[in-house]
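Scroll down for the structure; my scribbles are underneath it.
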Amino acid sequence: MTVKLKNPDAFLDVGYLEGYPFCQKFLSSPEFTVDFLKSFNVFRRSDLKTKEGYAINIAGAIEHKELDYNDLLIKYVQKPRVWLSLMQGKHSEIPQLKNPRDLLFSFGESGWYGPIREPASSKVWYIYTCRVEHFIPRECGEEDNTKTFDIAYIRWPVIAEVGEKYVALSWDGFSNTSEEKKDSRSQFPFWLYIQGLFKDLATILGAKWEHPALEDLLLYKLWDKYDKPQYKWSHKRVRAKSSGIALNAHSGDDDEVDIDDSGLKTLSRTLAEAALDSLEYSFPYDSQKLFQVERAILHTLIREWGTKSYEFRLKKISDVQTSIADTSDIA
C-alpha cells in the first residue's frame, strides 16, 4: 500500500524529523522560490543546483552557524505575499513571545512568535502560525474498493509588520482537502481569522488600532500616485453596486494571462468601442481617443460605482519582481 501525496500550495508536514531534516523540507516547500534561496549565496555543495539543493545548503549553513538564522527570518517576513490588510494606530509594548527560530526546525505550536528585528529599523515583525488538517487519500490495491486517508498538517503563517503608527498583516492563501471521504480541495477560509488576529495582537502589544479609509487610500491616493507609464496596473476583480445595479467582474485566475486580453480590460474596451460607435466614429478608432474613453469607463466601474471590494496587482515595469497585490473589503 502506498500513499499518494496531493500537496497543497503551502508547507505540508508529513512527519518530518525536527532539526536539520525539518529545516531542509521547509525551505524546499512552496513558501520559497529558487530565487529567494539563491539570494543567500550559500553554496556549501556546488553540485546541488536544484531548489532542494539550495535548501540543503542553507539548512546546513544554519546548522553549522555559517548563516545567521535571523538573516533568513528577516528575509522571510519581508518577502511579498498575496494578501494584505492593515490598521493605523499606536502600540505600547513589544513583548517577547515564542522563539521564531523554532519555526525553522520544528512545526511548532499554533500562536504568535517574535519579535523579529532588523538592525537600524524601528519596525518589528511577528509570525502567527495555524495548524490546518489536510487529508491525503491512500492508494489501495484493485481488490480493495474502500478509500482511507492519512492526515498531514499545513502550517499557515500570517506575518505581522508592526510600525510606529500602523500594523500590517500579510499572508498567502491555499486550498486543501479538509474532510475525509472527500477527494476535492476547497479554499481555506482565511478571511474568518484576520479580524481575530488583529484583536489578539492588539491585546498582546497594548495597541489601539483602527482601519484606515481604504476606499480613499486604495482607489484614489494609491491609484493616482502610481498611475504613470512606468507602472502597470492589473485590475483583477471588482464588486460594486450603485443605483440598484450590481457589478461583479473579474479577470482569469491565471497570473500569466495578460490583463489586456481578459476580464475587466475586455469589458471596458468593449464598452468604449460601443460608445465610439454610437458617436459615429469609424473603425479603426483613433488609438488615443479609444484609450481615453476606455480609461474613463474603467475608472467609473472601479472608483465610482459603489465599490465594495477591489483586487489588483501593481508592477513596476522596470523591475518585474516588484509587485503589490491586495484585496480590500471597502464596505
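The values are calculated or read from the model by the stated rules, or taken from the named source; none is laboratory data. Just so we're clear, the structure is a prediction, and the values are computed from it rather than from any experiment. Positions of Cβ are backbone-derived with ideal geometry, glycine not excepted, and every protein chain shown enters the neighbour counts.
Within the stretch 240-255, is even one residue over 27 Å from residue 216 (Cα atoms), hydrophobic (A, V, I, L, M, F, W, C) and either at pLDDT 80 or above or outside the structural domain of residue 219 (by TED's automatic domain parsing) (or both)?
The answer is no; no qualifying residue exists.
From the residues in the stretch 301-323 that are β-branched (Val, Ile, Thr) and loosely packed, with under 14 Cβ neighbours inside 10 Å, which one is modelled with the highest pLDDT?
Looking at residues that are β-branched (Val, Ile, Thr) and loosely packed, with under 14 Cβ neighbours inside 10 Å, I get 317.
Go through (1) surrounded by 12 or more Cβ atoms within 10 Å (Cβ to Cβ); (2) over 24 Å from residue 148 (Cβ atoms) and name the single condition residue 185 misses.
Status for residue 185: all satisfied but (2).
Let's see how each residue does on (1) surrounded by fewer than 16 Cβ atoms within 10 Å (Cβ to Cβ); (2) of a type outside the set (A, V, I, L, M); (3) at positive phi; (4) touching a Gly at 6+ places or on another chain (Cβ under 9 Å):
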site: 42; (1), (2), (3), (4): no, no, no, yes
site: 51; (1), (2), (3), (4): no, yes, no, no
site: 57; (1), (2), (3), (4): no, yes, no, no
site: 87; (1), (2), (3), (4): no, no, no, no
site: 97; (1), (2), (3), (4): yes, no, no, yes
site: 109; (1), (2), (3), (4): yes, yes, no, no
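Would you confirm, using the coordinates I've provided, whether residue 133 is under 20 Å from residue 185 (Cα atoms) and surrounded by fewer than 15 Cβ atoms within 10 Å (Cβ to Cβ)?
Against the criterion (under 20 Å from residue 185 (Cα atoms) and surrounded by fewer than 15 Cβ atoms within 10 Å (Cβ to Cβ)), residue 133 qualifies.
So, in the stretch 165-182, of the ones that are modelled with pLDDT under 95 and in contact with a His (Cβ under 9 Å, 6 or more places away or on another chain), which residue ends up surrounded by the fewest Cβ atoms within 10 Å (Cβ to Cβ)?
178
Looking at the stretch 197-253, which of its residues are more than 24 Å from the chain's Cα centre (by Cα), more than 30 Å from residue 91 (Cα to Cα) and surrounded by 15 or more Cβ atoms within 10 Å (Cβ to Cβ)?
Hit for the stretch 197-253 is 247, nothing else.
Being assigned to a strand (DSSP E or B) and of a type outside the set (A, V, I, L, M) is the requirement here; does residue 108 meet it?
Against the criterion (assigned to a strand (DSSP E or B) and of a type outside the set (A, V, I, L, M)), residue 108 does not qualify.
Mind listing whichever residues of the stretch 59-109 are touching a Cys at 6+ places or on another chain (Cβ under 8 Å) and aliphatic (A, V, I, L, M)?
If the condition is that a residue be touching a Cys at 6+ places or on another chain (Cβ under 8 Å) and aliphatic (A, V, I, L, M), then 59, 62, 104 are the ones that fit.
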